[in-house]
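Remarks on the structure that follows.
Read-outs: derived from the displayed coordinates by stated rules, not from any lab. If you're wondering where the values come from, they're calculated on a predicted model, not measured in any experiment. Note: ideal-geometry Cβ built from the backbone for every residue, glycine included; neighbour counts use all protein chains shown.
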Amino acid sequence: MRRARAAAAAAVVLVAVAGWAAAAPQPAAQSPAASPLAASPPSASPPAARPVDDNIVHDVASQLRCVVCQSLSVADSPSETASQMRAIIRERLAAGQSPEQVRAYFVQKYGDWILLSPPKSGFTLLVWVVPFVGLGIGLVLVALAVRRWSRAPRAAAHTHIDAAVRERIRREMSDMDR
C-alpha cells in the first residue's frame, strides 16, 4: 500500500515537472519568421527570474517529506524525485513566490501528509497532543506502581503470626543451639 501511494505521488511530481517544462518559454527559432515570440517586441519578454538563496530552498525543502523515501525530507533525500521537487521549489521561489506559497502548493498537491511537521489544527492536533497525554498517563502509572512497591514491604512486617507457628520457630531455634 505504501509503495503504491509512493509511486502515485512520484508520478504526480513527474507530471507536474513535465507540465512546467512544457509551459516554460522555448528558445526562439533560428529564423525570425518561424516563431511568434520573435515577432513580439522585446518589452513583452518574460521578466528575469530573481536569484534564489540556497538556504531558503534548503529551508523549504527540509519542511517537506520526500514522496519516495517518506522518512526523509526533500532536502536530505538522494532520490531523483526529491531532486525534482527541489528544482520546483527553486523555480517557484525564483518566480517570486514566498516560501509559504511554495509549501501551500505542495500541500495542495499532496495534502498535509507532505509536511514533516503537520499543522497544529483540526484532526492533526491529535499528533501533537496524544504523545503528551500518553506520557502523562505513563508517569501516573509509574508513580502508582512505585507507591505500591514501596508499601508492600511495610505490609508484610505487620502480619500476625499464629501461636503454633511461633512455638515451632522457638523449638527450631532451640534445636539449633544444641
Open item on the list: For a distance above 12 Å, tell me the whole-number percent of Cα pairs in region 123-177 that qualify.
Closed with: 77
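Could you calculate the contour length gain from Arg50 to Asp175, that is, 0.36 nm times the residue separation minus the distance between their Cα atoms, to one decimal place in nm?
On the way: separation 125, 0.36 × 125 = 45.00 nm, distance 10.08 nm.
Gain in length upon complete extension: 34.9 nm.
How much length, in nm to one decimal, is gained on full extension between Tyr105 and Arg168, taken as 0.36 nm per residue of separation minus their Cα-Cα distance? List each step's numbers first, then the result.
On the way: separation 63, 0.36 × 63 = 22.68 nm, distance 8.50 nm.
In short, 14.2 nm is gained.
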Task: Inter-label distance, nm, simple model (7 Å from Cα along the C-beta direction), Ser121/Leu135 - done: 2.5
- [ ] Have a look at Leu126, Ile161, Val142 and report the one farthest towards the positive end of the charge dipole of region 123-177, computed about the Cα centre with Cβ charges (Lys/Arg +1, Asp/Glu -1).
- [x] Leu126
Open item on the list: Give me, ordered by chain and number, the residues 5 or more places off Leu115 or on other chains with an amide H under 5 Å from its own placed amide H.
Closed with: Arg65
- [ ] Calculate the all-directions average of the projected area of region 57-170's alpha-carbon convex hull, and give it in nm².
- [x] 13.2
Open item on the list: Given R₀ = 30 Å, what would the calculated FRET efficiency be for Trp128 paired with Arg151, taking r from the Cβ atoms and rounding to 0.05?
Closed with: 0.25
